[in-house]
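The values are calculated or read from the model by the stated rules, or taken from the named source; none is laboratory data. Small disclaimer: the values here were computed from a predicted structure and weren't measured. Ideal geometry is used to build each Cβ from the backbone, glycine not excepted, and the neighbour counts take in all protein chains shown.
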Amino acid sequence: MINDLKKDGEQRMQKTLESLEQGFAKVRTGRAHPSILNGVMVPYYGSDVPLNQVANVGVEDSRTLIVQPFERNMVSAIDKAIRESDLGLNPITTDSIRVPLAALTEETRRDMQKVARSEAENAKVAIRNIRRDVLGDIKALLKEKEISEDDERRAGEDIQKITDKFVAEVDKRLAAKEAELMKV
């Protein structure tokens, strides 16, 4: 019973790390990468769909993304969606769409670091919330007299070790992202 709770908590914490990586992918590092446009939604026949469902997104060179719509009539809608996204990109439209990425200034890199730190802090908060939930479930088992106080204390220590491991992993990934952001 306790092992199931620990396993569930660990799986949820792992998903938090995966979510952190997706958040970090949206933080621009100066190099073109298709994942920068992952959050862009394009209106398509009355509903908003992700950009990658209406176009191929590729890398033309280190500072340029190329977006090739599946349908010609989608060019203007995709262009508008990229411009209106909060990414600060200005696409150049021909039969395909080129998205040049400006070189990052020192100030922009610092701003991106703040965004990365915010993502990491959100991940840490989520991990701590998972710990709180699992400890609450264990306390409920103790209250129902399904486990002993010793089992509850040992399980609490194990959950804390798992939490510490995941928080350290978040810190490690944040340090790697910050180093990547500051590399010119």
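Annotations
- ALA25 being under 29 Å from GLN113 (Cα atoms) and either in contact with a His (Cβ under 7 Å, 6 or more places away or on another chain) or surrounded by 13 or more Cβ atoms within 10 Å (Cβ to Cβ) (or both): yes
- The residues in region 1-32 that are over 18 Å from ILE127 (Cα atoms) and among the small types (Gly, Ala, Ser) can be counted, and the count is 3.
- Taken as a whole, region 92-107 holds no residue that is touching a residue at least 24 places away in the same chain (Cβ under 8 Å), in a helix (DSSP H, G or I) and either under 18 Å from SER35 (Cα atoms) or not assigned by TED's automatic domain parsing to the domain that holds GLY58 (or both).
- Among the residues of region 44-58, those that are more than 12 Å from ASN73 (Cα to Cα), part of a strand (DSSP E or B) and not hydrophobic (A, V, I, L, M, F, W, C) comprise SER47, ASP48, PRO50, ASN56, GLY58.
- When ARG98, ARG12, ARG83, ARG72 are screened for being among the charged types (D, E, K, R) and under 20 Å from the mean Cα position of the chain (by Cα), only ARG12 passes.
Yes or no, residue by residue, for (1) outside any helix (DSSP H, G or I); (2) under 23 Å from the mean Cα position of the chain (by Cα); (3) outside the structural domain of ASN38 (by TED's automatic domain parsing):
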{"residue": "LEU89", "(1), (2), (3)": "yes, yes, no"}
{"residue": "MET112", "(1), (2), (3)": "no, yes, yes"}
{"residue": "GLU119", "(1), (2), (3)": "no, yes, yes"}
{"residue": "LYS139", "(1), (2), (3)": "no, no, yes"}
{"residue": "ASP150", "(1), (2), (3)": "no, no, yes"}
{"residue": "ALA155", "(1), (2), (3)": "no, no, yes"}
{"residue": "ILE162", "(1), (2), (3)": "no, yes, yes"}
{"residue": "LYS165", "(1), (2), (3)": "no, yes, yes"}
